Ligand code: D6G
């Protein structure tokens with residue numbers, strides 16, 4: 001009834017005229033009504049109990065679709081499906097109408113989305129703060145195998161989940177000058193006279209925790225002009241000038257930067273960072289002051305987590321707000337800032353560590369630059385007493401004096417935080433040894449590890465229904481809230497009846513994916529083949545190149561010996577390349593080129609197929625992951641901070657082929673070395689090899705298999721005879737090969753053949769698959785969030801949630 005009511009009175013259609021999109025809108029609004037009461041109850045509770053609030057500042061929230069989430073968390077999925085069916089509407093088609101909210105690039109943004117889910121589920125007063133981009137991550141399609149980028153107009157049909165809050169708005173200033181004055185009593189004051197002002201307006205999306213007890217808020221900021229338009233110019237007939245300022249202001253929240261790992265280096269990006277950080281800090285101070293006078297309780301009531309350095313400007317901005325706006329002294333403001341803020345580092349790659357040219361900072365944020373100088377002066381003074389670094393303060397300085405002077409945002413975030421965390425055990429160790437070694441020597445207690453996690457709701461309950469139902473039938477549904485209970489499936493790995501059911505669940509998922517592949521790529525695939533899955537951003541360090549080179553080698557070997565007893569395989573790739581990242585785009589093209597040739601070969605058609613599914617996003621991941629047999633996690637050791645796709649795939653019973661990198665190391669510890677395929681150089685070996693100098697050309701010369709592969713690519717076998725297409729790629733492999741593709745090729749090949757052998761032994765493969773599912777429960781983001789709450793935020797869930805947990 002409520003769906004019909006929404007259809008009629010909110011959408012303005014009747015059941016005869018309604019399209020599937022109208023039905024989607026009606027269901028979403030009916031659902032939203034069921035969320036709102038709980039949402040307001042949570043907000044009231046937060047004010048009543050005054051429990052510590054956790055603010056997760058992130059430039060990215062890759063939340064994907066929300067309808068299935070909301071249905072499942074409120075436990076009304078079946079009721080809703082039945083209702084729709086009775087109305088003659090296909091529930092699956094309705095779900096497909098929801099656009100993916102792609103407000104993120106990859107792992108970092110998806111982690112933020114999983115954390116929102118786990119904070120709400122765990123009863124934390126957790127808020128996400130970010131930007132409401134008009135356009136999310138670009139849509140990817142292929143033309144002649146090459147990536148083409150199209151704008152992602154995700155708001156075109158409106159967004160039923162969000163509530164605009166025009167009354168919640170804050171001024172955000174840029175440019176201008178700072179004037180220094182003194183009060184009659186001698187107190188010095190800094191007054192910033194900005195050159196531009198825009199307005200940040202809030203949009204709130206409720207975040208429903210499991211079973212709906214806590215509904216938190218994701219607050220995203222949209223940029224508006226301070227003045228609607230310039231009437232004077234308009235009256236003079238200069239219509240362009242009349243709206244110029246408005247257009248420029250709105251640009252700030254127009255589009256998500258499609259960069260992965262490399263800073264955009266553009267003024268607009270820095271503006272975006274400051275825009276959402278400042279609005280969020282102003283908003284959380286406003287909320288704090290609704291309970292409190294003064295600032296003494298701030299660290300007990302407020303925790304601010306910086307998701308990477310994108311919001312690192314929070315350090316001087318909080319200082320500015322406390323000193324210039326609220327009149328605190330520098331020392332006091334500094335204590336408070338450090339006590340509230342903590343920072344998550346996501347990468348060690350020097351080119352990905354943000355640094356902003358000093359000239360740009362000084363021009364755009366003059367007051368912040370003054371504060372950064374002051375923070376730096378005091379900090380450098382402080383470390384004079386630290387023997388380990390006293391003779392090399394320049395290394396730790398917030399200002400990089402080389403390369404035209406810039407502000408090191410990682411250093412700024414470190415200095416302004418009481419805790420700094422890495423995202424896997426290995427990554428955290430490497431952080432201590434590399435980027436932050438000097439800091440770690442001086443402040444040995446500051447760096448802690450928080451291994452990433454994934455939400456069990458989306459990544460098992462929702463996306464893999466067959467397996468979720470099987471698990472629940474055997475061990476009950478407690479795993480949804482406590483994923484480590486899956487351990488209860490481990491004893492069943494030896495039970496042939498259970499293994500058969502597990503195999504049937506996988507088969508069902510594979511058939512579903514085969515249908516998607518047929519529809520989107522026009523390729524018929526055999527669901528019985530081994531589904532070998534490589535899905536993530538395209539990057540040299542993630543080494544899709546290694547995989548496609550092995551694919552070619554396998555194809556050549558199959559052709560040379562068609563009766564060699566080969567294990568039929570389907571190689572599945574998906575992922576986007578940053579539009580400006582030429583080499584990554586070349587790798588996409590190569591995979592598509594190889595797919596075209598291999599898939600056309602009648603000799604091997606029954607043995608090997610290759611598919612690159614376009615426009616990888618959260619929804620496509622939800623289709624691919626449950627169907628995977630093999631999970632490719634093959635980054636150059638030391639370069640992938642954690643990975644979370646590795647966790648999702650293992651949870652769905654895929655075995656990992658991977659290097660000892662990121663969270664692969666911990667996955668191996670949990671699933672056992674006999675249930676994972678590890679190959680390649682270790683992080684230490686990679687460093688030593690680079691230091692000692694090595695010649696990739698020698699590696700290739702000594703490996704006839706790899707040589708034949710590179711010869712085929714260089715000779716134009718996959719590029720219709722065009723030799724130039726991959727010449728630079730091959731030259732790079734033979735010359736520098738920074739990512740150690742040639743160095744790891746032989747051991748990767750060997751590991752892949754072990755995979756073939758293992759897969760052929762069905763029972764033992766299934767046993768391994770079951771054990772993967774059973775043993776990766778620790779990688780739940782519920783565990784990660786509990787650990788952040790304990791070790792970094794000092795935040796407890798609300799009392800009710802405590803009781804629920806005890807119950
Ligand atoms: C969210 C939830 C809503 C609440 C509003 C303001 O939209 O119930 O009224 O936030 O909450 P505060 O920002 O004042 O905490």
- Output yes when any residue across segment 402-420 is surrounded by fewer than 22 Cβ atoms within 10 Å (Cβ to Cβ), touching a strand residue (DSSP E or B) at 6+ places or on another chain (Cβ under 8 Å), touching a residue at least 60 places away in the same chain (Cβ under 8 Å) and part of a loop (DSSP other than H, G, I, E, B), and no when none is. yes
- Message: Here's a check for you: in segment 132-165, which residue that is in a strand (DSSP E or B) and touching a helix residue (DSSP H, G or I) at 6+ places or on another chain (Cβ under 7 Å) is farthest from the ligand (Cβ to nearest atom)?
- Response: 146
- Note on the structure: Condition set under 22 Å from residue 329 (Cα atoms) and at pLDDT 95 or above, scope segment 182-202, selection nearest to the ligand (Cβ to nearest atom): answer is 192
- Does segment 275-290 include one or more residues that are more than 16 Å from the ligand (Cβ to nearest atom) and surrounded by fewer than 17 Cβ atoms within 10 Å (Cβ to Cβ)? no
- Message: Against the definition (in a helix (DSSP H, G or I), away from the ligand (no atom under 16 Å from the Cβ) and without any contact (Cβ under 8 Å) to a residue 60 or more places away in the chain), how does residue 316 come out, yes or no?
- Response: no
- In this structure, is residue 113 under 30 Å from residue 575 (Cα atoms) and away from the ligand (no atom under 16 Å from the Cβ)? yes
- Give the residue, chosen from 725, 775, that is surrounded by 17 or more Cβ atoms within 10 Å (Cβ to Cβ), in contact (Cβ under 8 Å) with a residue 60 or more places away in the chain, within 30 Å of residue 423 (Cα to Cα) and in contact with a helix residue (DSSP H, G or I) (Cβ under 8 Å, 6 or more places away or on another chain). 775
- Task: Sort out for me the helices (runs of 4 or more DSSP H) sitting completely within segment 1-99 that have 1 or more residues that are over 23 Å from the mean Cα position of the chain (by Cα) and within 15 Å of the ligand (Cβ to nearest atom).
- Result: 20-49
- Message: modelled with pLDDT under 90, within 33 Å of the chain's Cα centre (by Cα), part of a helix (DSSP H, G or I) and away from the ligand (no atom under 16 Å from the Cβ): is that true of residue 268 in this structure?
- Response: no
- If the Cβ limit is 8 Å and pairs must be 6+ apart or interchain, which residue in segment 37-58 that is touching a residue at least 60 places away in the same chain (Cβ under 8 Å) and within 17 Å of residue 339 (Cα to Cα) pairs with which residue that is in a helix (DSSP H, G or I) and within 12 Å of the ligand (Cβ to nearest atom)? 53/46; 53/284; 53/287; 55/280; 55/284; 57/280
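The values are calculated or read from the model by the stated rules, or taken from the named source; none is laboratory data. Note that the structure is a prediction, hence the values are computed from the model and not measured. Cβ: placed from backbone, ideal geometry, glycine included. Neighbour counts: every protein chain shown.
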